[in-house]
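Taken together, the values in this text are just the output of simple stated rules run on the coordinates, not laboratory data. Not measured: the values here are computed from a predicted model. Here the Cβ positions follow ideal geometry from the backbone for every residue, glycine too, while neighbour counts run over all protein chains shown.
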Amino acid sequence: MLIGAHKHSVDNKNRIFIPVRFRPELGHKCVLSRDIKYNCLRLYSADNWIKYTEKIEELPTVQMSRVRQMIYQNSEETKKAVIDELIEKGF
């Protein structure tokens with residue numbers, strides 16, 4: 001399980017790298033999502049993203065449609081994150 005808050009530096013190409021100790025759990029693909037409540041990014045394994053989105057889909061449609069929209073439009077399947085591209089997308 002990926003737990004905790006971690007600060008990472010950005011290289012000269014504006015990339016952040018996933019720490020080696022997280023890579024086995026993340027697998028081949030992962031999802032990077034901007035948190036809608038806190039000023040941070042969240043990283044999910046593909047399996048955990050599916051579990052997370054299943055919970056989102058259970059939320060009442062009328063009340064939570066905006067929350068769902070924000071979560072989905074601020075998330076991206078990735079293997080690495082390029083900061084400039086994320087900023088352009090509003091991260």
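Taking K and R as +1 and D and E as -1, what net charge do the other residues with C-beta under 14 Å from the C-beta of Asp47 add up to?
0
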At R0 = 25 Å the Cβ-Cβ FRET efficiency linking Glu77 and Asn39, nearest 0.05, sits at 0.70
Going by amide H atoms built from the backbone, whose H comes under 5 Å of the H on Val10, apart from near neighbours?
none
Give me the distance in nm between label points sitting 7 Å out from Cα along the Cα-to-Cβ direction at Phe17 and Thr53, one decimal.
2.9
